[in-house]
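Read through the structure below, which is laid out as structure tokens, and then see the notes.
The values are calculated or read from the model by the stated rules, or taken from the named source; none is laboratory data. Remember, predicted model here, so these are calculated numbers, not experimental data. For neighbour counting, all protein chains shown are included, and Cβ atoms are generated from backbone atoms with ideal geometry for every residue, glycine included. Heavy atoms of the whole protein, side chains included, go into the accessibility calculation; ligands, DNA and RNA do not. Shrake-Rupley method; radii C 1.70, N 1.55, O 1.52, S 1.80 Å.
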Amino acid sequence: MSPSVPSLAPGVRLGPYEILARVGAGGMGEVYRARDTRLGRDVAIKILPAELASDAERVARFEREARALAALAHPNILSVFDVGVGAGVSTGREGEEPSPVGAKEAPISFLVTELLQGETLRQRLKRERLQWRRAAEIAGAILGGLGAAHGKGIIHRDLKPENVFITDDGRVKVLDFGLAKVSQPLPETDDTTEASTTPIGTLGGGVLGTVGYMSPEQLRGQAVDERTDIFSFGCMLYEMVAGKRPFARSSAVETMAAILHEDPPELAGPQSDVPPALARVIWHCLEKRPEDRFQSAHDIAFNLTLLSQPAWVEATVASAPARPAGPAWRRPAVFAAALVSGLALLAAGALLDRHYSKPPEMKSQRLTYRRGWISEARFMPDGQTVVYSAAWDGQPCEVYSVRLDGPESRPLGLPGATLLDVSTSSQLAVALRAHAGRSTWAWAGILGVVPFSGGTPRAMEENINFADISPDGQEMALVRETGNGTQLEWPPGDVLVRTAGYISHPRISPSGDMLAFLHHDSVNDNRGAVTVVDRQGRTRQLTEVFPFFAEGLAWSPRGDEIWFTAAEAGANWGMWAVTVNGRQRLIRREAQGFKIMDVAGDGRVLVDCQAGQQRVFFGGEGELVERELSWLDWSSIRFLSDDGGLLGFVESGEAVGGDYQLYVRETSGTPPVQLGATGGRATLSPDERSVITTQPEPPAVIIYSIGPGLPRTVPVPGFTVKGAGMLPDAKTIWFVGYEPSQSERIWLTDLAGAKPRPVTPEGLTFLRPPITPDGKYAAARSDGKLWLIPLAGGSPQPLKGMRQEEEIAGWAADGRSLYAYCPSDMPIIVWRIDVSTGQRELAREIVPADHAGSRFGVHLCITPDGKRYAYSIDQWLSALRVIETLR
């Protein structure tokens, strides 16, 4: 043990943390298991060496970095709970005052993190060489943490297997971001490449890092950025798949020389199981010059995702060497020759299999020209007519038809209806009285059937999101909302699939023996995967989960593939094909959003080209014009303070990589403050000093301080959590969640993480916000009615006066009235409702200046006095196109 690191015996207390045992040491000092006496949980405490703890500037830098890391709250980064400086205190015997320990010694600086159970990647590598697929999985998780940190300007600078942890349940955590700052002489021994963070003297000053994983610019003492982490990552990934370090030599000096001037041994080859594509990713990470490497963790992650493609994708380039041997490959002339040779090989592969390697010639025809959004579209049986439903120019949704030989659309006399499908006998399946459903991305309504020639729809089924009519026109598949989730019925009444997320775009195969659909694990997100089910209810997921805009699906003309549209990281939209055996290929890529609607028998594809954004607006008393308070591309409001001075919103679009990031902003228009990651929903604490939200993995309630202070985590293991808040006592936490095989309930816990207890029955759908301001009731839907459920027990009370399709915008100051609105109505009509009598009175009418393309309605918040409000509104502008002759 280094004499510069304080030694703490069991029983010593650092503030509220009681030391239990020493568990190890790292480059930044000793690591202890400790008990958080306030929250009653075990944590890990890392003690900084004394020479750092006595340096005020370094301690200040350490605290700043700890705050930045705590704000990340990323599932692949070790969670930081607290940071402190103080003297150790013995707990003493019961009834005695604690006695100081080492009172004259330097102060102890410490970092409090989550306590992990498992092993480091170094320990795993000592036990076994990883298969390349498992190595790629671990690498992808590491890149997730790196990308989140780099996005906040945090560089690790000491990435190595010792700083990657694999938990017992398979989760991957990156440790010690930017905190390894120990200065010690470098011993030149046979194992110096494993020495913990060690400086190397250069003309530019001290250098930090671990020798075998340092980038050339680190070794030279030059300025570093996120690309130095990319080099270190490449060293780790090489070691994972090769079973040895790329630049390991017998001494530190020789190792440094190898990093600066030599290439590592080849990975791919006849005797290797490492795919050439993976080898290319690793070589690109290990380029000597930073500008020649991948420029971001997201770029590497995108390339690694290609490795999940079936083996036939790799086969077209497998005959080309992963990298020319020797240093000559870097010379421009040799590289150009290799490029020409590689292109020739690819061309040969295309000739062998044109169907999977060469995109066909394409042309497209635009069919619609008005401003608004299109919900669904189908080819009619004649192949020359298209029927679709759209909400044009801010008007309600309606069903239209358009001929391919003419630009004019005509309404079919079905105002308020949305199209679901068309049969071979020209019968239309439509949703009547459609309204916003459980999912942000799906409407719910009454299924009706009506001839294309006209008439009154015949109502058939309730709470329907999607429907598909079989190719022979004899049966139908339905997606139906329930109180517990969403279910797929084929035929109606025969439930084959149930999910707590949602199901979209079901399509029965031409043979009639299988049904394809998109499965989405969250009702608030349209990420999803193509899945199939047979008539016995056996399901198979055919693709990975696409992170964005998994919307639109149809069977190919030959019925041998499922064509679908989705976006990858960076919102790269693509149309893909996948067989029922999981063989996947890219058909077409677009720079903007587009969604497959239907496929004709001759290979023509009907698509919706779309551009979307979500915006936030604020209106105050006496203000004639609303103030826009949007920030990035997809701003969605979560709460408004009682005085209307502060609002909270979530960004979840391309700008934040599809994650959910929580912000608060003053309604005066000052720049927003980013609080950190969120599960999507968030509420304001009773004293309006904190924001309570959730994180999905590991499941927990997160409390962000709006002012100074680190986030607080209240773990709720074993739960799926969907929203949380704090009761008026400022001690009790409520959350909406469920355990495996259960449905949603409201649970109560406390700041110390007490075992959650349910306070509502199952089978309810909760309104937002679900808890009344006095903390006594939960507002919920059940069996088509609205209820107030007492949290302390007792009989539910009817929520009088409020309609089934309405949501709560806020509670009035009198405590017995609320403000209600229908999200799909435009203009937005706000009613003040006395819930004890059911009396309704008009509170205000809000007319957005531009609401064309408002696909999912609005989310509205209003202050208790009804004088100030804020809302978010999404806008999708669509255009139907027919793409000719795809295959």
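Descriptive notes on the structure:
- Spin-label pair GLN427-HIS261: with each label point 7 Å from Cα along the Cα-Cβ axis, the two points sit 8.1 nm from one another.
- Partner aspartates and glutamates whose Cα lies under 20 Å from the Cα of LYS288, excluding those fewer than 8 positions away in the same chain, are identified as ASP158, GLU217, ASP225, GLU226, ASP229, GLU239, GLU254, GLU262, ASP263, GLU266, ASP299.
- A Förster radius of 35 Å combined with the Cβ-Cβ distance from ARG535 to ARG768 puts the calculated FRET efficiency at roughly 0.40.
- Span from the the stretch 726-756 Cα centroid across to the the stretch 390-411 one, whole angstrom: 48
- For the stretch 557-647, with all protein chains in place and a probe radius of 1.4 Å, 47% of the accessible heavy-atom surface sits on carbon or sulfur.
- Full-stretch length increase - LYS867, ALA655 - with 0.36 nm per residue and alpha-carbon distance subtracted: 73.1 nm
- 15 Å cut-off, amide nitrogen to a point 7 angstrom out along ASP521 Cα→Cβ, residues in the stretch 485-508: 499-503
- Rounded FRET efficiency, nearest 0.05, which uses the C-beta distance separating SER836 from GLN674 and R0 of 35 Å: 0.30
- Fraction of accessible area attributable to carbon and sulfur, the stretch 224-296 (%, probe 1.4 Å): 52
- Largest accessible area first, the residues HIS74, HIS261 order themselves as HIS261, HIS74 under a 1.4 Å probe with ligands, DNA and RNA left out.
- Violating pairs (Cα-Cα greater than 31 angstrom) within the set LYS126/LYS722; LYS173/LYS776; LYS152/LYS755; LYS160/LYS731; LYS152/LYS363; LYS173/LYS755: LYS126/LYS722; LYS173/LYS776; LYS152/LYS755; LYS160/LYS731; LYS152/LYS363
- Per-residue Karplus couplings for the stretch 119-124, computed as 6.51 cos²θ - 1.76 cosθ + 1.60 with θ equal to phi - 60°, are listed in order as 8, 6, 4, 4, 5, 5 Hz, Gly and Pro entered as x.
- The stretch 600-634: GluC sites (Glu not before Pro) in DSSP coil with no more than 12 other Cβ atoms inside 10 Å: GLU621, GLU623
- One decimal place: the segment ASP472-ALA9 gains 159.0 nm when fully extended, by the rule 0.36 nm per residue minus the C-alpha distance.
- The residues ARG868, ARG33, sorted by heavy-atom accessible surface at 1.4 Å with ligands and nucleic acids left out, run ARG33, ARG868 from largest to smallest.
- Only protein atoms count toward the accessible area here, which uses a 1.4 Å probe; on the stretch 766-887, the carbon and sulfur part of that area reaches 47 percent.
- Cβ-defined net charge surrounding LEU764, 14 Å radius [Lys, Arg +1; Asp, Glu -1]: +2
- Three-way shape label, the stretch 495-598, alpha-carbon gyration tensor, a/c 1.5: oblate
- Taking all protein chains together, LYS126, LYS595 sort by accessible area into LYS126, LYS595, largest first [probe 1.4 Å].
- Residue-normalised accessible area of the stretch 373-476, given per residue in Å² at a 1.4 Å probe: 41
- Whole-number accessible area per residue in Å² for the stretch 586-655, which is evaluated in the context of all protein chains at 1.4 Å: 39
- For peptides 510-518, 228-236, 371-379, 487-495, sequence by mean Cβ density within 10 Å, most packed first: 228-236, 371-379, 510-518, 487-495
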